[in-house]
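Q: This is the structure I have questions about; it appears just below.
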Amino acid sequence: MNYSEFLSAICSHMKNRYMDASVSIHPVLKNNNKRLDGLLILQPGENIAPTIYLNSYYTRYRKGTSLDRLFEEIASLYEKHRFPSLFDLSLLRDFERIRNRISFRLINRASNPELLADIPYLPFLDLAIVFFFTLEDEIIGNSTVLIHNSHLNLWEITAKELFRLAQTNSRFLTGYEIIPMERLLFPDAKKETLPPSSASEIFVLSNRTRVFGAACLLYDDILASFAGMLQDDFYVLPSSIHEVLLLPVKRSPSPNSLLEMVREVNEQEVAPEDILSNQVYLYRAKDRQLGIALAAGN
C-alpha cells in the first residue's frame, strides 16, 4: 500500500467509524518547508477539531504495524483531544483580547519562502522574526496560533506593531534564562560553580518554557549584559529554534570549527523542523551588535 492509498484507508475508516462527522485530510506546511498531512474529524455541533498528523503512522505501517492497530491509536488520540463543544471564534477577531498574548519566534528565512509569503515577518540576520499568540481556553486548553497576513488585515495593524507588542509580551510570558551547560548536564550538583571543564565554557540561552527560546537573541540588553559579565565577545551557535549556545571568543575553537560543528549537529541530531540556521554568529561587545561570524560555505 503506497502513501496515498494509506491516507485513503485512514479517511475511509474514520468516516465509517464517525458516520455523522466531517472527515478530511489537509496538507499542513510546517517550519523549514516540512509538509505533513493532518486528519480532521469534525462532529456535529463542533467548530474546531484537533489535527492528527498521519506521516509518522505510515512510517510505522511500513515497518510492520497493522492497520487495525493504527486505526485504534488514531481514534484514541482523537477522542482524547477532541473539543466536544463550540469554541468562541470571536476571540480570534478581537485584537484587544489578543494583543497581550502576542509573542515572537525565529525561523530561517531561506528555508521558509512559501510560509513567509503568507505570514508577517521582519528580517533578522539570515533569520525571520515571526509572530504567534497563545490561547488559554477551557475547551482547547493551551495552544499557539501562528499569525498570518489575514490576521493583520483583520486587525488593521503592521508587522512592526506586532514586534513592539511581542517585545514586551514575550519577556512577561516566558522570560529568559542563561544557564551554564554544566547545570544542564549535572542538574543535581550541589555547587553552582563546578570545576572547569569544556562544558563550563558553554552557556545555554533560552526562555523559561524552552519553546521557541532562540528568540531571546532579540533581547539586546540581555546580550550586552552577558558580554559585560564575560568581559569578552562571544559566539552564538544556533542549537535549534528553541535554544542557542553562547561561547566566549577567547576560549572557543575557530569559527570554521564551530561552523562545522553546527552543520554536523543539524544534520545528525536536530529534527528538520527544529533547525534554526547553519550559521555561526558573533556578538561584539564594543559595538553591542550581533552579526554573522562566518557565512556557511566559506
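Q: Which of the residues spanning segment 16-37 are of a type in the set (D, E, K, R), outside any strand (DSSP E or B) and under 25 Å from Ala117 (Cα atoms)?
A: Result: Lys30, Lys34.
Q: Please determine, by comparing only the residues of segment 106-146 that are at pLDDT below 95 and of a type in the set (Gly, Ala, Ser), which one is farthest from Asn31 (Cα to Cα).
A: Here the answer is Gly141.
Table: residues versus (1) part of a loop (DSSP other than H, G, I, E, B); (2) open to solvent by less than 50 Å² (accessible area, probe 1.4 Å); (3) touching a Gly at 6+ places or on another chain (Cβ under 7 Å); (4) of a type in the set (S, T, N, Q).
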position: Ser8; (1), (2), (3), (4): no, no, no, yes
position: Met14; (1), (2), (3), (4): no, yes, no, no
position: Leu39; (1), (2), (3), (4): no, yes, no, no
position: Arg60; (1), (2), (3), (4): no, no, no, no
position: Gly64; (1), (2), (3), (4): yes, no, no, no
position: Glu73; (1), (2), (3), (4): no, no, no, no
position: Glu79; (1), (2), (3), (4): no, no, no, no
position: Asp88; (1), (2), (3), (4): yes, no, no, no
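Q: Now for a separate question. Among the residues of segment 41-58, which ones are more than 16 Å from Pro27 (Cβ to Cβ), assigned to a strand (DSSP E or B) and open to solvent by less than 30 Å² (accessible area, probe 1.4 Å)?
A: Ile41
Q: Which is open to solvent by 20 Å² or more (accessible area, probe 1.4 Å), in a helix (DSSP H, G or I) and in contact (Cβ under 8 Å) with a residue 40 or more places away in the chain, of Glu273, Glu264?
A: None of the other options fit; the residue is Glu273.
Q: For Asn32, only one of the following conditions fails: (1) without any contact (Cβ under 8 Å) to a residue 40 or more places away in the chain; (2) on the phi > 0 side of the Ramachandran plot; (3) in contact with a strand residue (DSSP E or B) (Cβ under 8 Å, 6 or more places away or on another chain). What is its number?
A: (1)
Q: Ok, one more. Would segment 281-290 turn up any residue that is of a type outside the set (Lys, Arg), without any contact (Cβ under 8 Å) to a residue 60 or more places away in the chain, open to solvent by 50 Å² or more (accessible area, probe 1.4 Å) and touching a strand residue (DSSP E or B) at 6+ places or on another chain (Cβ under 9 Å)?
A: yes
Q: Among the residues of segment 227-261, count how many are outside any helix (DSSP H, G or I) and open to solvent by less than 60 Å² (accessible area, probe 1.4 Å).
A: Summing the residues that are outside any helix (DSSP H, G or I) and open to solvent by less than 60 Å² (accessible area, probe 1.4 Å) in segment 227-261 gives 19.
Q: What pairs come out if I take residues in segment 225-251 that are among the small types (Gly, Ala, Ser) and pair them with residues that are open to solvent by less than 10 Å² (accessible area, probe 1.4 Å) whose C-beta lies under 8 Å away, six or more apart or interchain?
A: Filtered contacts from segment 225-251: Ala227/Phe234; Ala227/Tyr283; Ser239/Val204; Ser239/Ala214; Ser239/Leu276; Ser240/Ala214; Ser240/Leu276.
Q: Next question, about the same structure. When you go through (1) of a type in the set (A, V, I, L, M, F, W, C); (2) in a strand (DSSP E or B); (3) in contact with a Leu (Cβ under 7 Å, 6 or more places away or on another chain); (4) crowded, with 19+ Cβ neighbours inside 10 Å one by one for Leu115, which number turns out not to apply?
A: (2)
Q: State yes or no: is Ser103 small (Gly, Ala, Ser), surrounded by 16 or more Cβ atoms within 10 Å (Cβ to Cβ), at negative phi and modelled with pLDDT of 95 or more?
A: For Ser103, the condition - small (Gly, Ala, Ser), surrounded by 16 or more Cβ atoms within 10 Å (Cβ to Cβ), at negative phi and modelled with pLDDT of 95 or more - is met.
Q: Same structure, new question: Please name all residue pairs, on different chains or six or more residues apart, with Cβ atoms under 8 Å, provided the first residue is in segment 1-17 and is free of Cβ contacts under 8 Å to residues at least 24 places away in the same chain and the second residue is not in a helix (DSSP H, G or I).
A: Lys15/Ala21; Lys15/Val23
Q: Quick one: how many residues across segment 261-298 are of a type outside the set (A, V, I, L, M) and over 30 Å from Ser56 (Cα atoms)?
A: The total comes to 10.
The values are calculated or read from the model by the stated rules, or taken from the named source; none is laboratory data. Quick caveat, the model's predicted, so the values are computed rather than measured. Backbone-built Cβ (ideal geometry, glycine too); neighbour counts: all protein chains shown. When the accessible area is computed, the model is the full protein with side chains, heavy atoms only, and any ligands, DNA or RNA have been set aside. Shrake-Rupley method; radii C 1.70, N 1.55, O 1.52, S 1.80 Å.
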